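Since the structure comes first, as structure tokens, the remarks are kept for the end.
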Amino acid sequence: MRLFLHRLRHDRGLRHLWLAVIAICSTSVVIACVISRTSEKGKTLRERAASLELSGQVDRAEKLYWETLQHGPVDTETLLGFIDAHAALTDGGEGDERNRDQNSGESEDEKKDEGAQTVLVSSVTEKQIVSFLDRRDFNPSVSALGHYWYAVRMVDKKSDTKSIRNLADGAKPVRWANHLLARAALMNDDSPEAARRFEREGLSFPTEAREDLRHALFIWSDNDAWEELRKRRNDSRYAAVIGPAFRLILAEHDRDWFEVIRYVWPAGFEGVKAWPLFLAALSGALWFAIATRMGRIGEGVEGRKGLYAAAFVLGILSVYPTLLLITLEESVFSLRLVGQPIPDAIYFVFGVGLREELCKLLAFLPLLPILWRRRLRIEALTCGALVGLGFAAEENIGYFHRMEIADALGRFLTANFLHMSLTALIAVSAFESSRRAGVRRDTFGTVFPLAVFLHGAYDFVLESRETAGFSFLAMGVFILLSRQFLREMMSTCPAQRQRSVLRTFVISLVILTGVSYIYATTLVGAVQGLAVIGSGLLGVAIMIYMFVRELAY
């Protein structure tokens, strides 16, 4: 690093590069701050509270909810939001864990930050809340719903339901009554009642409570109530929520492989919004530029551009057999997470790691005959990296679909390089082991199993609850694989091209990080956005450091 600092002082090109980095970072921060201030001005207090809750600042969310209740008409959604936030800051938050675990379709603003339950403290006393709920100057049904939900969350999960059932079971149910009964039923392990109540809420208020219908569907599927699902498959009232994901779940259970093949791909894109699609496209384009620059695309070698483009497309297509393998593993072999260390480790290695590396390898194999004829190791490495990138580019969308925003952005900023490294190392080992003369034939037999194991270990450490405190081990795996990949790619690269690759690498990563920060800002604000991209920012810093180190600056 001292050598790099020396070069930075005396190398004009490097100084210009780091000035460009500072300019991109500054521009990103300015844009993020402008977006944050503009969006905050247009939000009501309740909307700001919901954003704070989403970002994990439950204590600040509770204060804003309480302020909203004191200075305006009391509406049910705000009152319930306050009670949930207050419960998350006290022992009352523990009772809803089962609710969140079972109901995978629950909206983001209903998810509480688990760490906040033990660290943050409520600023509102129970006496103040009870006094507020006893006021007579707001709608009686709102008051009844507030009393009931406060009793469920803070007093007794099996609280008396007579008054709220009158509101829920009438000819014209009161909004939120069935929803609250459904959530309470989940807390009491009564899944059939929860599904029935969510359905009644959704059918009674098809526009406002559409998500409740989705909750009901997933509860039935989680509890193997397949007849209930089949009854609603062609029900026009469910048309808005029965999409590819639901049809895939039903097809998997029924072993209807034609339907599985039909819906397995579109199910991964259901509900995806514009920002994740844009980020995935931008990420793919920037990493493609990095990989092809390392693969010496500008040397004028005939056919190289087409070869690299084909590798990227094959990588994208490799997602399809991966999705089919996921379906087979879960529906036929029941290979899935169970919340226990050893079975989960087996799942990540022989489930996730094996299927993904195998499918990427199968996507690379059609290129082998061409690579044999061309006899260029750098092309085999680059094609492998681009197959991995194509896979990662499509998988990136899934991160935003199934993860919290902080986890999604952390994986998003590092997963591309990880997949590129893994697939490149496997690809070059397959290339060398399959050639007919003068090479060791045991290379692939060592590299492929090791790559599968390291991939599974990386995911196990990051995603398993049992290893939540050992995320540094995943970063160790990332560094090990990325460093080896860089050494392989840059070992024969001329010095002048190394400088060009470095510029592309650094500028692309900084742009991608800046845009990711802007996206985080649209969700949680400028300040909290920095915390959201924290783990991804660390990964980017490590990648840049490794690159600079490997180029001997």
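The values are calculated or read from the model by the stated rules, or taken from the named source; none is laboratory data. Bear in mind the structure is a predicted one, so any value in this text is a computation, not a measurement. As a convention, Cβ positions derive from the backbone with ideal geometry for all residues, glycine included, and neighbour counts pool all protein chains shown. Ligands, DNA and RNA are stripped out before the accessible areas are found, and what is left, the full protein with its side chains, is counted by its heavy atoms. Shrake-Rupley method; radii C 1.70, N 1.55, O 1.52, S 1.80 Å.
Any idea how many residues of region 55-81 are in contact (Cβ under 8 Å) with a residue 40 or more places away in the chain, assigned to a helix (DSSP H, G or I) and open to solvent by less than 50 Å² (accessible area, probe 1.4 Å)?
8
Return yes when Leu523 is open to solvent by less than 10 Å² (accessible area, probe 1.4 Å), assigned to a helix (DSSP H, G or I) and in contact with a helix residue (DSSP H, G or I) (Cβ under 7 Å, 6 or more places away or on another chain) and no when it is not. Break it down stepwise before answering.
Working: open to solvent by less than 10 Å² (accessible area, probe 1.4 Å): no; assigned to a helix (DSSP H, G or I): yes; in contact with a helix residue (DSSP H, G or I) (Cβ under 7 Å, 6 or more places away or on another chain): yes.
No: the conditions fail for Leu523.
Just need a number here: residues in region 228-253 that are without any contact (Cβ under 8 Å) to a residue 24 or more places away in the chain and more than 24 Å from Ile326 (Cα to Cα). Give the derivation first.
Within region 228-253, the subset without any contact (Cβ under 8 Å) to a residue 24 or more places away in the chain is 229-236, 239, 247, 251.
Among the residues that remain, those that are also more than 24 Å from Ile326 (Cα to Cα) are: 231-232, 234-236, 239.
The qualifying residues number 6.
Hey, can you tell me all the residues within region 247-298 that are over 27 Å from Ala225 (Cα atoms), of a type in the set (Val, Ile, Thr) and open to solvent by less than 30 Å² (accessible area, probe 1.4 Å)?
Across region 247-298, the qualifying residues are Ile290, Thr292.
Condition (residue is aromatic (Phe, Trp, Tyr), over 26 Å from Gly351 (Cβ atoms) and either part of a helix (DSSP H, G or I) or over 22 Å from the mean Cα position of the chain (by Cα) (or both)) applied to region 497-509: is it met by at least one residue? Reasoning before the result, please.
At the first step, the residues of region 497-509 found to be aromatic (Phe, Trp, Tyr) are 505.
If we keep only those that are over 26 Å from Gly351 (Cβ atoms) too, we end up with 505.
Then drop every residue that is not either part of a helix (DSSP H, G or I) or over 22 Å from the mean Cα position of the chain (by Cα) (or both), which leaves 505.
Taking every residue of region 497-509 in turn, at least one turns out to be aromatic (Phe, Trp, Tyr), over 26 Å from Gly351 (Cβ atoms) and either part of a helix (DSSP H, G or I) or over 22 Å from the mean Cα position of the chain (by Cα) (or both).
Which condition breaks for Gly456 when tested against (1) over 17 Å from the mean Cα position of the chain (by Cα); (2) open to solvent by 30 Å² or more (accessible area, probe 1.4 Å)?
So the condition that Gly456 fails would be (2).
Given the conditions (1) touching a helix residue (DSSP H, G or I) at 6+ places or on another chain (Cβ under 6 Å); (2) under 22 Å from Ala194 (Cα atoms); (3) modelled with pLDDT of 50 or more, and given that Glu108 satisfies all but one, which numbered condition is not satisfied?
All conditions pass for Glu108, except number (3).
Do we find that Ala363 is buried (at least 16 other Cβ atoms within 10 Å of the Cβ) and out of contact with any Pro (no Cβ under 9 Å at 6 or more places or on another chain) in this structure? Working first, answer last.
Numbers: buried (at least 16 other Cβ atoms within 10 Å of the Cβ): yes; out of contact with any Pro (no Cβ under 9 Å at 6 or more places or on another chain): no.
For Ala363, the condition - buried (at least 16 other Cβ atoms within 10 Å of the Cβ) and out of contact with any Pro (no Cβ under 9 Å at 6 or more places or on another chain) - is not met.
Tell me, yes or no, whether region 477-496 has at least one residue that is open to solvent by less than 60 Å² (accessible area, probe 1.4 Å), touching a Cys at 6+ places or on another chain (Cβ under 8 Å), touching a residue at least 40 places away in the same chain (Cβ under 8 Å) and in a helix (DSSP H, G or I).
Checked against the condition, which is being open to solvent by less than 60 Å² (accessible area, probe 1.4 Å), touching a Cys at 6+ places or on another chain (Cβ under 8 Å), touching a residue at least 40 places away in the same chain (Cβ under 8 Å) and in a helix (DSSP H, G or I), region 477-496 yields no hits at all.
Within region 140-161, is there a residue that is basic (Lys, Arg), farther than 14 Å from Asp84 by Cα and modelled with pLDDT of 85 or more?
Initially, region 140-161 is screened for residues basic (Lys, Arg), giving 153, 157-158.
With farther than 14 Å from Asp84 by Cα added as a condition, the list becomes 158.
Keeping just the survivors that are modelled with pLDDT of 85 or more gives none.
Within region 140-161, not a single residue is basic (Lys, Arg), farther than 14 Å from Asp84 by Cα and modelled with pLDDT of 85 or more.
Out of all the residues in region 233-246, which are over 24 Å from the mean Cα position of the chain (by Cα) and open to solvent by less than 30 Å² (accessible area, probe 1.4 Å)?
Residue satisfying the conditions is Tyr238 alone.
What single numbered condition from (1) within 20 Å of Ser535 (Cβ to Cβ); (2) at pLDDT 90 or above; (3) open to solvent by less than 10 Å² (accessible area, probe 1.4 Å) fails to hold for Thr382?
Just one mismatch for Thr382, condition (1).
Here's a check for you: in region 173-206, which residue that is in a loop (DSSP other than H, G, I, E, B) and touching a residue at least 24 places away in the same chain (Cβ under 8 Å) is surrounded by the fewest Cβ atoms within 10 Å (Cβ to Cβ)? Give the steps one after another, and end with the answer.
Restricting attention to region 173-206, the residues satisfying the condition of being in a loop (DSSP other than H, G, I, E, B) are 173-176, 188-190, 205-206.
From the residues that got through so far, the ones that are touching a residue at least 24 places away in the same chain (Cβ under 8 Å) too are 173-176, 188-189, 205-206.
Numbers: Pro173: 18, Val174: 19, Arg175: 18, Trp176: 25, Asn188: 16, Asp189: 10, Phe205: 17, Pro206: 14.
Among those that are in a loop (DSSP other than H, G, I, E, B) and touching a residue at least 24 places away in the same chain (Cβ under 8 Å), it is Asp189.
Could you tell me whether region 205-217 includes any residue that is farther than 20 Å from Leu80 by Cα, of a type outside the set (A, V, I, L, M, F, W, C) and modelled with pLDDT under 90?
Checked against the condition, which is being farther than 20 Å from Leu80 by Cα, of a type outside the set (A, V, I, L, M, F, W, C) and modelled with pLDDT under 90, region 205-217 yields no hits at all.
On the basis of being surrounded by 22 or more Cβ atoms within 10 Å (Cβ to Cβ), over 17 Å from Leu481 (Cα atoms) and either touching a Phe, Trp or Tyr at 6+ places or on another chain (Cβ under 9 Å) or among the hydrophobic types (A, V, I, L, M, F, W, C) (or both), does Leu371 make the cut? Please lay out each step first, then the result.
Working: surrounded by 22 or more Cβ atoms within 10 Å (Cβ to Cβ): yes; over 17 Å from Leu481 (Cα atoms): yes; either touching a Phe, Trp or Tyr at 6+ places or on another chain (Cβ under 9 Å) or among the hydrophobic types (A, V, I, L, M, F, W, C) (or both): yes.
Considered against the rule, which asks whether it is surrounded by 22 or more Cβ atoms within 10 Å (Cβ to Cβ), over 17 Å from Leu481 (Cα atoms) and either touching a Phe, Trp or Tyr at 6+ places or on another chain (Cβ under 9 Å) or among the hydrophobic types (A, V, I, L, M, F, W, C) (or both), Leu371 comes out as yes.
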